[in-house]
Amino acid sequence: MKFTESGKRIPRVIGGGSAGGGSGGSDDKKKGSDSIVGPFDCGPYYPKTRFDKTIAGVRGLYHTHSLTKNIICNKRGNPNAAKEICELMYEKLVKIIAKVSPYEEFPHYQLQLDDLRIIPVPAHKNAEQTPALNLAKALSKTIHEKTGKNINCYCDVLEATLEHDPHRKQMSPEARREHDEKKYKITEKIIENNDIIKDAYILLIDDIYVKGSTVGVCSDRLLENGAKRVIQLCAGKSQ
């Protein structure tokens, strides 16, 4: 293992790689900043209500589209659905880290899987469904099965202080952002001791990406409390 003079670990060299950003770009991503990478997704997610009301003939996608079905089943706690989604997330993650350099002074070095710490977007403590947590745990297991590496999943870093608002989908982007600013916080445990995320490369996991408010606010919370970079990875992008 090689180290810089300052004691930082140097990952292995790859050819021609450089620090990269996300493919889509969150509405809440800070312009000109490479501290947030993403959001990335594994494919489209087809919400039933939107397509039932707007596009005739596409209703069947909600029931037959593989990723959509798995996202729905994962919400219900189906471990097989989470496993299938995480196969796609792993493939996407390998491509992402090949484009992200961990050190400005060594732009051609590749970030390693074991440099990452997995953190899910939290659900409220009273929530019956914990889709992001299901995926974060399943992805940690998938990475171990494929590589033998133990990538820890930290479920006590972020918390949701408000319960799910059924009217959130009808909110304007500004109102949604304001709502999420109030909802997502860093836990007291991390405020008192941020060793888990200090100077860390975070893999932030969520199940569905719509406009980017949720992952945007959560990413900001992590960066404000010492994280070095946040990679946003979601199962599907809402269509």
Discussion item. Could you go through region 111-119 and let me know if any residue there is modelled with pLDDT of 90 or more, under 17 Å from ASP220 (Cβ atoms), among the hydrophobic types (A, V, I, L, M, F, W, C) and in contact with a Phe, Trp or Tyr (Cβ under 9 Å, 6 or more places away or on another chain).
Written reply: yes
Worksheet item: What helices (runs of 4 or more DSSP H) completely inside region 160-230 contain at least 1 residues that are of a type outside the set (A, V, I, L, M), surrounded by 13 or more Cβ atoms within 10 Å (Cβ to Cβ) and over 13 Å from the mean Cα position of the chain (by Cα)?
Response: 173-183, 213-224
Worksheet entry | Selected residue [out of contact with any Phe, Trp or Tyr (no Cβ under 6 Å at 6 or more places or on another chain), of a type in the set (Asp, Glu) and either under 30 Å from HIS65 (Cβ atoms) or at pLDDT 95 or above (or both)] from ASP199, ASP206 | ASP206
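The values are calculated or read from the model by the stated rules, or taken from the named source; none is laboratory data. On a predicted model such as this, the values are computed, not experimentally measured, just so you know. Quick reminder, even Gly has a Cβ in these numbers, built from the backbone with ideal geometry, and neighbours come from all protein chains shown.
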